[in-house]
Structure formats: C-alpha cells, structure tokens
Amino acid sequence: MSYRIAPSILSADFARLGEEVRHVAAAGADWIHFDVMDNHYVPNLTFGPMVCQALKPHAKKPDGTPVPIDVHLMVQPVDALAAAFADAGADLISFHPDASAHAHRSVQAIKARGCKAGLTFNPAAPLDVLDWLIDEIDLILIMSVNPGFGGQSFIDSALRKIEHARRRIEASGRDIRLEVDGGIKPENIRRVADAGADTFVAGSAIFGKPDYKAVIDQMRAALA
Ligand code: DX5
Ligand code: ZN
C-alpha cells in the first residue's frame, strides 16, 4: 500500500503561507491539502483560487519536484469555483455532492479541465451517490470531523464509513484514493489505515508542532 500524507495548510501561519508550503513539502508532504470554505456551506471563510495560484510555485520539494495541490471545496455552488481552481493550478479537486445540484456534471467539469476529481462525505452523509459516480472519480474523501475548523476530535463512526468505502472501491476494480480528513494524528493514523484509508489529511497535528518533519516521520513509522 502506498500511503500519502496531505498536510492541511488550514493550520499553517497565514502570514507566511508560501514559506509554510515549501517547509512542509521539504518535511515530506506528499500532497498539499487546501481547504476552501465559503461561510455558507460551512461556517468559516478561508481562501480562494488567487491564493492557490500564488502558492502553486511554492508547492515543490527542494529539488524542484512538484507536490500536488489537493483542493477540498467546502462551497456551494460548486462548478464555477471548481473551474477557477483548475485554472489556478489545482491537481485534485474534491467537493461535497450535497453542495452540488448536479454532482455528475461537477465531476465532468473538473475532469474536463485535466484535474482529478473527488467526492467528499460529511460524518452524517451516506455514500449512496457512489452507486452512480464511482466509475467517474479518482478520490473519495471521508470527513472524520464536521467541516469548517481544524483541531477537532476524530469521529469514530468514520472508521466504519472508511470500511464501506474501501469495499466499494474494491468492487469497482478502479484505482481510487481513499482519503480521510479531520482529527488525524500519529496516535490514531494506524487505526484509520487499518480501516482502509490510504491518504491522510492532517492540519493541527503537523502545523501545531515546531518540527513538521518529525510529525510526518512519526506518521510514516506508524503506517510502516
Ligand atoms: C476541516 C478541514 C480539514 C482540517 C483538518 O473542515 O477539511 O482539512 O484542516 O484539521 P485537523 O487535522 O486539525 O483536524
Ligand atoms: Zn479538508
């Protein structure tokens, strides 16, 4: 299993975002997780496509290898912003299907612009839309907290949802990443991987500590 760690810059120092992105990339981030909140679908407001575009040149390893930008849209409606993020350099774009009037169209719009497309599920959201969309997507993002804020506690029912999502991915026979977002730390990452996740978002656990590499290394050691 090839695991990916996706630090969420929601918990980074917003006064030094470019530097924070370079720093966490050098510390071993596989993806940069970019949380877009609109104060409508979720009760908080973060950053938009212009900030993504400004950060794009910073999303690379010290040797210049690009680090993919993983945009998590917590916005309603979806399509216009998804297109703007594709143009701003996003590599993967996920959205909440309950925030889109036409989730299939939103997936098509993301893929038509050359990005990978993901569907995100809140703690109380069913996985039903996967019945009809699993053949179209590249990523499933399971929320293990209610979206809107960093630093919340992991909701245990997410483990069962991850198991369900893993079974659906296996049944599809497709190459789909299974990402988990919220409350991930070195102490619980193994349990989340055992449930079937392969990609882990972590905000406060990484940016809340002085040594980003030490935390990412601890996470990889727990997964090894
Ligand atoms: C919450 C965001 C998360 C958040 C996770 O709405 O989607 O990506 O940054 O933060 P932690 O890792 O602190 O729970
Ligand atoms: Zn997120």
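Quick note: the coordinates plus some simple rules give every number you see, no bench work behind them. Worth saying up front: this structure is predicted, and the values here are computed from it rather than measured. So basically every Cβ, Gly included, is an ideal-geometry build from the backbone, and we count neighbours across all protein chains shown.
Exposure proxy for Met37, Met74: other Cβ atoms within 10 Å of each Cβ, ordered fewest to most, give Met37, Met74. Between the C-alpha center of region 84-135 and that of region 162-218 there is a gap of 19 Å.
Near Leu141, once Lys and Arg are set to +1 and Asp and Glu to -1 for all other residues with Cβ below 10 Å from its Cβ, the sum equals -2. Sorting Phe121, Phe14 by the number of Cβ atoms found within 10 Å of their own Cβ, with the fewest placed first, yields Phe14, Phe121. Over the chain, dividing the summed -39,500 (n - 2.57) contributions of all DSSP H runs of at least 4 residues by the number of residues returns a 222 nm mean residue ellipticity of -10000 deg cm²/dmol. For region 168-204, the residues whose amide N sits under 16 Å from a probe point set 7 Å from the Cα of Asn44 along the beta carbon direction are 181-185, 201-204. Note on the chain: antiparallel DSSP beta bridges, both residues inside, total approximately 5 percent of the bridges counted. Under the shape rule built on the C-alpha gyration tensor, where the axes satisfy a ≥ b ≥ c, region 1-152 is prolate, since a/c reaches at least 1.5 and a/b is greater than b/c. Mind counting lysine pairs for me in the chain? Cα separation below 16 Å, and the two need to be 8 or more apart along the chain or on different chains. The result is 4. Applying the criteria of a DSSP loop state and at most 16 other Cβ atoms within 10 Å to the trypsin sites (Lys or Arg not before Pro) of region 102-161 yields Arg113.
The modelled label-to-label distance between Asp63 and Asp211, using points 7 Å beyond Cα along the C-beta direction, is 2.4 nm.
Were the residues from His164 through Ala221 laid out at 0.36 nm apart, the gain over their Cα-Cα distance would be 17.9 nm.
Exposure proxy ranking for Ser100, Ser172, Ser94, Ser153, based on other Cβ atoms within 10 angstrom of each Cβ and starting from the fewest, stands as Ser153, Ser172, Ser100, Ser94.
Look at the dipole of region 1-145 built from charges on Cβ: of His23, Ser144, His96, the Cα furthest out on the positive end belongs to His23.
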